[in-house]
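Everything on this sheet refers to the single structure shown next.
The values are calculated or read from the model by the stated rules, or taken from the named source; none is laboratory data. Given the structure is predicted, the values throughout are model-derived calculations rather than measurements. When we count neighbours, we look across all protein chains shown, and the Cβ atoms used for this are built from the backbone with ideal geometry, even at glycine.
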Amino acid sequence: MNDVSAPSVKGLIDSTINVLEVRELSVHFAGRGRWRHRREVKAVDGVSFDIAQGEILALVGESGCGKSTIALSVMRLLVPTSGRIISGGEDLATLRGRALRRARRRIQMIFQDPFGSLNQRQSVYDTVVEPLIIHQLGATSQERRSMVMDALDLAHLRPPERLAEAYPHELSGGQRQRVAIASAMVMRPELVIADEPVSMLDVSARAGILRLMMDLRDRLGTSYLFITHDLAVAWMVADRIAVVYLGRIVEIGPATQIVDEPAHPYTRALLSVSSGEDIGADGAVTDVLPGETPSAANVPPGCRFHPRCPLFVQLGEPAICRSEDPALRIVLARRSSAYDRPPGVHQSACHFANEESS
Amino acid sequence: MSLLDIEDVSVDYRIGSGSLRAVDHVSLRVEQGEALGIVGESGCGKTSLGLAVPMLLPANASISSGSISLGGRELVGMSERELNQLRWTEVAFVFQGAMNALNPVQRVDRQILEAITAHDSHADREVAGARVLELLELVGIAAARAKSYPHEFSGGMRQRAMIAMALACRPSLLIADEPTTALDVISQAQILALLDSLRRSEGLSLMMISHDLSAIKRVCDRIVVMYAGVVVESGTTEEVLGRRGRPAAAQHPYTKALIAAHPDLGGARSLAQGLSGHPPDLSVPITGCRFADRCDSAMEICREQAPASLSVSPGHVAACHLARRLVP
């Protein structure tokens, strides 16, 4: 495991321990149509990554790229078609029943919509105490109460005694998302999966939630799998970024390097629209990536990105892009690179990842 | 003369026995061929203002003061019949989540055809049919896809179809309320590029309402920042938000906070503090500056007296006691 972008080590963070190892994860769904014509939907197609203790890994991609399916598989809210999901020495992909329930304590999830994910008829206290009751944690109700109050305080819902009695309709969007965070943190998870945790919030509330999550990492050593469509947000919070396209990780590496020296043409396209670089010299908005992401039921042969790839056109449509599915390979450091890093940390699934782009 | 001239407009909502002023004496203009961005957070009144222009406010809302003139014609007080002649032909709108407003059981080309014939009942079927294909081509949908049903389109394509429909009667002003909010980043960029090119090629004027500063920055010449029903700052996008190496020269603390809250890939990799607290309750009268409770730089005068608008540089106005004229 790398320690390139290891956060300020505070004792609780050990970047040599992986809290999650995902290996060759695939999730295929049966497609629609008459059985002879039925095509499998390859929502996730051979994805591997690790998350170290105290690390924040961001999965970045557009809707339908499979990033949420990866999250649901890690939570085992979906049964993967193949692959391994190693956490705490167990393979979550094959666990069942009581063993699965016990393993789930270690991993908690925060969802996108704080307006829909909270029960309107439950007070904040009832919402946050619920996971403790389900997992039979805390010997007495007194003990559970103090665990809930601690969690509310951790999530900056202060004063906890007063906010515990509040109902969701009395809270702002940011406060509701803090309740969701408190009910995840009350379990003291090793890993939190956050699926677009700020995309439904007003911009002014976003920074507070992101800060809170980073603060919890620093104080408790919590690891995050942070799912977002917003590369700029990923760059702000994550140690490493994995860019997902059509069910596959096409580029992975330290966040600053992905942004400063992107090696995959899809990452470059995402970057140009996120940074406003697609504005031309006269202020006119210039062309962006053409077309639509193909359906996961109809993954293009060879490199799955080639039908939309500007580099493919630029290089005169090399045959290899049409015929060979590129694996993740090490991106060599540019001579001008400002980064000093161990090899293998920055990888890209492009046949021409190491060509200098113009 | 400006194409759209909003002068001192207030919008009130009747709620229970009381009322709530969502837009409070707002004035702004959109020039011919200009793209104006209106930015602010949920509840700041930007959507109410957008709905007020074509007089499409909900039944419990009314325009309680001011005037709205479009191409020299006063819209406030106009009869519904006259308004119907202006809607779509002079001013068209693309609403938030508009792509879900398509009729799911009718082919897309027919829906656009209907928009044309509804406003011109004498339209020649063949001419109108050709216009539909021309419109779809304009928004980047191939003629071969014209006979599709909405569910066969992606979100981005449905939004393009809605824009094609809005342009059916060649309006001079398009009001787009959060036109890209529900879309993916690449589709967002495609739609913004489309709006930008329509403005350049068709001379369309644009009033774009969004909470997304980067979308506004990409398309709009000028920006109006709203907070709690009032305009707190306005100016050229380049000056207020900064662009191409030019630093943002926003003067109002709220605008500054909004800019800081937007992660900028070209800037520093640090998270802004964010804003604490909530916007004020608009159903009670407010003395002083509406932003004072959330403002780090609030002084005594801020709580006593509402700040007047100060022209900080030509075309750049900020309503803050701390705003100062910029030295050129």
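Quick notes on this one:
- Consider segment B:249-269 and keep the residues that are hydrophobic (A, V, I, L, M, F, W, C) and either free of Cβ contacts under 8 Å to residues at least 40 places away in the same chain or more than 7 Å from chain A (Cβ to nearest Cβ) (or both). The one that is surrounded by the most Cβ atoms within 10 Å (Cβ to Cβ) is B:Ala250.
- Residue match in segment B:127-135 (condition: assigned to a loop (DSSP other than H, G, I, E, B) and more than 25 Å from B:Thr180 (Cβ to Cβ)): no
- Qualifying residue in segment B:17-35 (condition: of a type outside the set (A, V, I, L, M, F, W, C), buried (at least 21 other Cβ atoms within 10 Å of the Cβ) and closer than 30 Å to B:Gly277 by Cβ): yes
- Flag for A:Glu165 being without any contact (Cβ under 8 Å) to a residue 24 or more places away in the chain and either of a type outside the set (Asp, Glu) or more than 28 Å from A:Thr16 (Cα to Cα) (or both): no
- Just one residue in the set B:Ala292, B:Ala318, B:Ala298, B:Ala306 is more than 14 Å from chain A (Cβ to nearest Cβ), in contact with a helix residue (DSSP H, G or I) (Cβ under 9 Å, 6 or more places away or on another chain) and surrounded by fewer than 21 Cβ atoms within 10 Å (Cβ to Cβ); that residue is B:Ala298.
- Residues of segment A:93-130 that turn out to be charged (D, E, K, R), closer than 22 Å to A:Arg176 by Cα and over 23 Å from the mean Cα position of the chain (by Cα), as a count: 3
- There is no residue in segment A:160-175 that is basic (Lys, Arg), under 30 Å from A:Gln136 (Cβ atoms) and within 13 Å of another protein chain (Cβ to nearest Cβ).
- Of residues in segment B:302-328 being within 17 Å of B:Tyr254 (Cα to Cα) and β-branched (Val, Ile, Thr), the one modelled with the lowest pLDDT: B:Val312
- The strands (runs of 3 or more DSSP E) falling completely within segment A:30-96 that include 2 or more residues that are in contact with a Ser or Thr (Cβ under 9 Å, 6 or more places away or on another chain) and crowded, with 23+ Cβ neighbours inside 10 Å map to A:41-52, A:56-60.
For (1) crowded, with 19+ Cβ neighbours inside 10 Å; (2) more than 10 Å from every other protein chain (Cβ to nearest Cβ); (3) modelled with pLDDT of 95 or more, each residue gets a yes or a no:
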| residue | (1), (2), (3) |
| --- | --- |
| A:Leu270 | yes, no, no |
| A:Leu315 | no, yes, no |
| A:Phe352 | yes, yes, no |
| A:Ser358 | no, yes, no |
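- The residues in segment B:140-160 that are surrounded by 13 or more Cβ atoms within 10 Å (Cβ to Cβ) and either away from chain A (no Cβ under 14 Å) or farther than 20 Å from B:Asp177 by Cβ (or both) can be counted, and the count is 9.
- Looking only at residues of segment B:199-248 that are more than 9 Å from chain A (Cβ to nearest Cβ) and of a type in the set (D, E, K, R), we find that the one that is surrounded by the most Cβ atoms within 10 Å (Cβ to Cβ) is B:Glu233.
- Segment B:137-164: number of residues that are among the small types (Gly, Ala, Ser), assigned to a helix (DSSP H, G or I) and in contact (Cβ under 8 Å) with a residue 12 or more places away in the chain: 4
- Unique residue being more than 18 Å from B:Val231 (Cα to Cα) and in contact with a strand residue (DSSP E or B) (Cβ under 9 Å, 6 or more places away or on another chain) when the list is B:Leu271, B:Leu310, B:Leu326: B:Leu326
- Failed item, numbered, when A:Leu225 is tested on (1) surrounded by fewer than 23 Cβ atoms within 10 Å (Cβ to Cβ); (2) more than 12 Å from chain B (Cβ to nearest Cβ): (1)
- Residue match in segment B:93-114 (condition: at pLDDT 95 or above, polar (S, T, N, Q), outside any helix (DSSP H, G or I) and in contact with a strand residue (DSSP E or B) (Cβ under 9 Å, 6 or more places away or on another chain)): no
- Qualifying residue in segment B:165-186 (condition: at the interface with chain A (Cβ under 10 Å from one of its Cβ atoms), closer than 21 Å to B:Gln96 by Cα, in a helix (DSSP H, G or I) and small (Gly, Ala, Ser)): no
- Residue in segment A:179-200 that is farthest from the chain's Cα centre (by Cα), counting only those that are within 14 Å of chain B (Cβ to nearest Cβ) and surrounded by fewer than 24 Cβ atoms within 10 Å (Cβ to Cβ): A:Met200
- For first residues located in segment A:120-134 and without any contact (Cβ under 8 Å) to a residue 60 or more places away in the chain, partners that are small (Gly, Ala, Ser) and surrounded by fewer than 20 Cβ atoms within 10 Å (Cβ to Cβ) and lie 6+ apart or on another chain with Cβ distances below 7 Å form the pairs A:Ser123/A:Ala166; A:Val124/A:Ala166; A:Leu132/A:Gly138.
- Scan segment B:1-26 for residues that are in contact (Cβ under 8 Å) with a residue 60 or more places away in the chain and farther than 21 Å from B:Ala176 by Cβ and the total you get is 9.
Yes/no matrix, rows are residues, columns are (1) closer than 20 Å to A:Asn18 by Cα; (2) of a type in the set (A, V, I, L, M); (3) at pLDDT below 90:
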{"site": "A:Arg219", "(1), (2), (3)": "yes, no, no"}
{"site": "A:Tyr224", "(1), (2), (3)": "yes, no, no"}
{"site": "A:Leu231", "(1), (2), (3)": "no, yes, no"}
{"site": "A:Leu246", "(1), (2), (3)": "no, yes, no"}
{"site": "A:Gly253", "(1), (2), (3)": "yes, no, no"}
{"site": "A:His264", "(1), (2), (3)": "no, no, no"}
{"site": "A:Thr267", "(1), (2), (3)": "no, no, no"}
{"site": "A:Asp287", "(1), (2), (3)": "no, no, yes"}
{"site": "A:Pro301", "(1), (2), (3)": "no, no, no"}
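- Among the residues of segment A:257-268, those that are more than 9 Å from chain B (Cβ to nearest Cβ) and either in contact with a helix residue (DSSP H, G or I) (Cβ under 6 Å, 6 or more places away or on another chain) or assigned to a helix (DSSP H, G or I) (or both) comprise A:Gln257, A:Ile258, A:Asp260, A:Pro262, A:Pro265, A:Tyr266, A:Thr267, A:Arg268.
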